[in-house]
Amino acid sequence: MLQDSEINVQSIVIEPTTLIDQVSSTDFYLGMSKSFKDPAIANWRIKRIWQVGTVWHEGYADGIQDFVKVWDLRATYVYS
C-alpha cells in the first residue's frame, strides 16, 4: 500500500511517427521521426530498401542513423 509521501509514477511511451514511401515494387524509403511529424524538419532517420536481382539491400541516408535528416529530401541523399 502506498503511503501519502509516495508517488505513483507511470511510464509513458510515445511511438515515433513512421512514414513509408513505395517508389516502385523494388524501392522503398522508411522514415522514423524522433519527435515531430513535420516532413520538412531535420529530425528523421531515413532508410532506403531496394532490390538488385534477388537480393534486397538497405542503407541509411548518407550512412547516418541519427535523427538529423529531412524526410522531404529523402530522394537526394546517398544511401549506404
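The values are calculated or read from the model by the stated rules, or taken from the named source; none is laboratory data. These numbers were taken from a predicted model, which means no experiment stands behind them. Don't worry about glycine lacking a Cβ; one is built from the backbone with ideal geometry, like all the others, and counts go over all protein chains shown.
Below, the figures for the structure above:
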{"quantity": "Filter pass, residue 68 being modelled with pLDDT of 95 or more, surrounded by 12 or more Cβ atoms within 10 Å (Cβ to Cβ), in contact with a strand residue (DSSP E or B) (Cβ under 6 Å, 6 or more places away or on another chain) and on the phi < 0 side of the Ramachandran plot", "calculated": "yes"}
{"quantity": "Qualifying positions in segment 29-80 - β-branched (Val, Ile, Thr), in a strand (DSSP E or B) and touching a Phe, Trp or Tyr at 6+ places or on another chain (Cβ under 9 Å)", "calculated": "46, 49, 70"}
{"quantity": "Among residues of segment 16-28, those that are at pLDDT 95 or above, assigned to a strand (DSSP E or B) and touching a Phe, Trp or Tyr at 6+ places or on another chain (Cβ under 8 Å), counted", "calculated": "7"}
{"quantity": "Number of positions in segment 42-61 that are crowded, with 18+ Cβ neighbours inside 10 Å and of a type in the set (Val, Ile, Thr)", "calculated": "1"}
